[in-house]
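S.K.: One structure, pasted below without further comment.
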Amino acid sequence: MPLLAKLLRSKITIWVLLVLPAIWALKPLFAPEPSDADPLKSTLLHLGLIACIVLVTVLTFTPLRVLWPKWGVAQALNRHRRLVGVGAFAYALLHFTAHLLHVYDGGFVTFWKEIQKPFQLIGLGALLILFVLTITSLHAAIRWMGGKAWKNLHRLAYVAAALAAWHQADARKIFPLQVVWIFGPLAVLEIARIWKQRVTASPPRGTTPAQTS
Amino acid sequence: MLIRTPPSWELPESAATPESVYLNRRALLKSLGCGAAALALAPHVLRATTAGFPTRVNPDYRDPALTPTSYEHITSYINFYEFGTDKASPKTNANKGWKTEPWTVEITGLINNPLKIDANDLVAKMGGAEQRVYRLRCVEAWSMVVPWDGFPLAKLIKLADPKPEAKFVTFSTFNPVGAPGYAGPALDWPYLEGLRLDEAMHDLSFIATGIYGKPIPNQNGAPLRLVVPWKYGFKYGKSIVKIDFVAKQPVNTWQAMQAREYGFYANVNPNVDHPRWTQASERVIGAGGAFGLRQKTLMFNGYEAQVAGLYKGMDLRRNY
């Protein structure tokens, strides 16, 4: 097995990859650059960016496996779907917490005024979806809900990604190309995956699904 | 035991550049006979509008209740989209060889005395520079306190001598395309801002040529920058090359980009929210560290007594 796939099979590698960006995100709070004149804001923005990237990353796992089923890296990554998915929620929650602190005015007047604005509601919607997916990520939840219902519920991850992309685009005064770099590759992979599944789902006449699987 | 906690903006005495060193810098470069080479090798020393320094403090515009933001923050945390759309880029990109001295500004339009003039000559004509400490409130809900050096805009307008049909003044920023450090298309260049003539004539309206008694750094809009402290920061047109007196209300750059979010007046108003956030409060840059609390935003950024009269009878909710 190639080294990369071997490394990615390990939970420790994934934990390290998930935790490292947090150091970058929190750095302004402890060692601000002059341009981090509002260090908490820098941290808030960094956390949101990481949340988007981690969410997109975990969503690429399935299409990677469908498109390249024999690729060791894709197989290795698919062992960690839950861990990385929960990681996306964790960063989104930290982002939200930083926002709470940032708008804290001795009370929550500012928070309450702002949370009603579409830009913030969209972000909150994504966070709530990730929260629901996180609490239903245990094996017990799959058994309790039944595989099919669970799968349908967890398809909401795509809605969360769409909301996150919208929220990120809306956060700037001018459309940030960053959104395209982050969410674009996922869109391409998903289209390729759907195309491939369509092709394989309509097998040639005379064969049964059991034979083709 | 009293342990004094220095506020974050405070610099040790040792960090201050001795005035003699500062004043002698250019003379020294010249005397070395390689001024151009020295400037090319050390782009970070490029600064503009050197006339009028040292400035005299104008005590009428120095509220003891205001604590100026650190020079480091004022000159590092910047919106100047010509040199990048994040806060950190302008400081780097505007100092990659972009020259702001010499600099010519054109004063034109519906006036009796149109002229093209060198920025340093203009400062001399305005009788030198004075220092005023103003609040600065960004539309993004953060604020600073800046000691600006420069001259009242009203003086320049008197020099221009507007004709009766002139009702507005526009301020055009230089066209950045091709300039060293230019970060690529973001807005419709050149950046344009405008004021009603009576706003421009107001005592508070100011043309900044310096910050903290030093020539204004490139990234802050050298060499000439509009300062209108009761309005949001995006009204403060930077690096002005043209001042045009016109009859009709101009469309400023941000209004053209996104009229729902940014208007022509852009007066600081805690009662009129931005579509994406509230303007009722603001984060004070450099105050209280990372977890500093927000402060309430004041009507007209604290200059209500001085400027409210300009907007009598106007619906400020519609004219945001």
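S.K.: So which residues in the stretch B:187-206 are without any contact (Cβ under 8 Å) to a residue 60 or more places away in the chain and of a type outside the set (Gly, Ala, Ser), if there are any at all?
M.R.: Correct list: B:190, B:195, B:197, B:201.
S.K.: Within 30 Å of residue B:70 (Cα to Cα), aromatic (Phe, Trp, Tyr) and modelled with pLDDT of 95 or more, is that true of residue A:89? Full working, then the answer.
M.R.: On the way: within 30 Å of residue B:70 (Cα to Cα): no; aromatic (Phe, Trp, Tyr): yes; modelled with pLDDT of 95 or more: yes.
The answer is no for residue A:89.
S.K.: What residue, among those in the stretch B:112-122 that are out of contact with any Leu (no Cβ under 9 Å at 6 or more places or on another chain) and touching a residue at least 60 places away in the same chain (Cβ under 8 Å), is nearest to residue B:54 (Cα to Cα)?
M.R.: Result: B:120.
S.K.: A further question follows. Tell me, yes or no, whether the stretch B:303-311 has at least one residue that is of a type in the set (Phe, Trp, Tyr), out of contact with any helix residue (DSSP H, G or I) (no Cβ under 6 Å at 6 or more places or on another chain), surrounded by fewer than 22 Cβ atoms within 10 Å (Cβ to Cβ) and part of a loop (DSSP other than H, G, I, E, B).
M.R.: Looking through the stretch B:303-311, at least one residue is of a type in the set (Phe, Trp, Tyr), out of contact with any helix residue (DSSP H, G or I) (no Cβ under 6 Å at 6 or more places or on another chain), surrounded by fewer than 22 Cβ atoms within 10 Å (Cβ to Cβ) and part of a loop (DSSP other than H, G, I, E, B).
S.K.: Please find, within the stretch A:54-107, the residue that is surrounded by the most Cβ atoms within 10 Å (Cβ to Cβ) out of those that are of a type in the set (Ser, Thr, Tyr) and away from chain B (no Cβ under 14 Å).
M.R.: Only one residue tops the list, namely A:91.
S.K.: Listed residues B:178, B:184; which is in a loop (DSSP other than H, G, I, E, B), within 14 Å of chain A (Cβ to nearest Cβ) and free of Cβ contacts under 8 Å to residues at least 60 places away in the same chain?
M.R.: Numbers: B:178 fails: within 14 Å of chain A (Cβ to nearest Cβ).
After applying the criteria, what remains is B:184.
S.K.: If the Cβ limit is 6 Å and pairs must be 6+ apart or interchain, which residue in the stretch A:116-145 that is within 14 Å of another protein chain (Cβ to nearest Cβ) pairs with which residue that is part of a helix (DSSP H, G or I)?
M.R.: Hits for this filter: A:119/A:170; A:120/A:114; A:122/A:163; A:122/A:166; A:122/A:167; A:123/A:167.
S.K.: Also, I was wondering about something else. Which residue pairs have Cβ atoms under 7 Å apart, sit 6 or more places apart or on different chains, and have a first residue in the stretch B:259-275 that is free of Cβ contacts under 8 Å to residues at least 40 places away in the same chain and of a type in the set (Gly, Ala, Ser) and a second that is assigned to a loop (DSSP other than H, G, I, E, B) and surrounded by fewer than 21 Cβ atoms within 10 Å (Cβ to Cβ)?
M.R.: Every condition considered, no pair remains.
S.K.: Is the stretch B:211-222 home to any residue that is within 14 Å of chain A (Cβ to nearest Cβ) and of a type in the set (D, E, K, R)?
M.R.: No - not one qualifying residue is present in the stretch B:211-222.
S.K.: Which one of A:30, A:61, A:108, A:119 is under 17 Å from residue A:156 (Cα atoms) and among the aromatic types (Phe, Trp, Tyr)?
M.R.: That would be A:61, the only listed residue that is under 17 Å from residue A:156 (Cα atoms) and among the aromatic types (Phe, Trp, Tyr).
Table: residues versus (1) in a helix (DSSP H, G or I); (2) modelled with pLDDT under 95; (3) surrounded by 15 or more Cβ atoms within 10 Å (Cβ to Cβ).
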| residue | (1), (2), (3) |
| --- | --- |
| A:130 | yes, no, yes |
| A:134 | yes, no, yes |
| A:143 | yes, yes, no |
| A:159 | yes, no, no |
| A:164 | yes, no, yes |
| A:168 | yes, no, yes |
| A:173 | no, yes, yes |
| A:184 | yes, no, no |
| A:189 | yes, no, yes |
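Residue-wise test of (1) of a type outside the set (Val, Ile, Thr); (2) surrounded by 18 or more Cβ atoms within 10 Å (Cβ to Cβ).
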residue: B:91; (1), (2): yes, yes
residue: B:94; (1), (2): yes, yes
residue: B:97; (1), (2): yes, no
residue: B:103; (1), (2): yes, yes
residue: B:106; (1), (2): yes, no
residue: B:120; (1), (2): yes, yes
residue: B:125; (1), (2): yes, no
residue: B:136; (1), (2): yes, yes
residue: B:139; (1), (2): no, yes
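S.K.: Another question, if that's okay. Out of everything in the stretch A:12-40 that is at pLDDT below 95 and either within 22 Å of the chain's Cα centre (by Cα) or not in a helix (DSSP H, G or I) (or both), what residue ends up being farthest from residue A:90 (Cα to Cα)?
M.R.: A:34
Residues checked against (1) farther than 25 Å from residue B:291 by Cα; (2) more than 14 Å from the chain's Cα centre (by Cα):
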residue: A:84; (1), (2): yes, no
residue: A:91; (1), (2): no, no
residue: A:95; (1), (2): no, no
residue: A:104; (1), (2): no, yes
residue: A:117; (1), (2): no, yes
residue: A:125; (1), (2): yes, no
residue: A:132; (1), (2): yes, no
residue: A:136; (1), (2): yes, yes
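S.K.: Taking the stretch A:1-43, which residues are exposed (fewer than 12 other Cβ atoms within 10 Å of the Cβ) and more than 14 Å from every other protein chain (Cβ to nearest Cβ)?
M.R.: Selection gives A:1, A:2, A:3, A:11, A:12, A:16, A:19, A:20, A:23.
S.K.: Filter the stretch B:70-90 down to the residues that are more than 7 Å from every other protein chain (Cβ to nearest Cβ) and under 22 Å from residue B:289 (Cα atoms) and list them by number.
M.R.: Selection gives B:70, B:71, B:74, B:75, B:78, B:79, B:86.
S.K.: Moving on to the next point. List, please: which pairs have Cβ atoms under 6 Å, are six or more places apart or on different chains, and start with a residue in the stretch A:181-198 that is closer than 18 Å to residue A:163 by Cα and end with one that is of a type in the set (S, T, N, Q)?
M.R.: A:186/A:60
S.K.: Please determine, by comparing only the residues of the stretch B:229-260 that are small (Gly, Ala, Ser) and not in a loop (DSSP other than H, G, I, E, B), which one is nearest to residue B:152 (Cα to Cα).
M.R.: B:233
S.K.: In addition: State yes or no: is residue B:166 in contact (Cβ under 8 Å) with a residue 12 or more places away in the chain, closer than 19 Å to residue B:87 by Cα and not in a strand (DSSP E or B)?
M.R.: No; evaluated as a whole, the condition is false for this residue.
S.K.: Further, regarding this structure: Any residue in the stretch B:142-155 that is more than 17 Å from the chain's Cα centre (by Cα) and either hydrophobic (A, V, I, L, M, F, W, C) or crowded, with 21+ Cβ neighbours inside 10 Å (or both)?
M.R.: no
S.K.: Report yes if some residue within the stretch B:270-288 is away from chain A (no Cβ under 14 Å) and more than 27 Å from residue B:190 (Cα to Cα); otherwise report no.
M.R.: No - not one qualifying residue is present in the stretch B:270-288.
The values are calculated or read from the model by the stated rules, or taken from the named source; none is laboratory data. None of the values given here were measured: they were computed from a predicted structure. Using ideal geometry, Cβ is built from the backbone for each residue, glycine included, and neighbour counts are taken over all protein chains shown.
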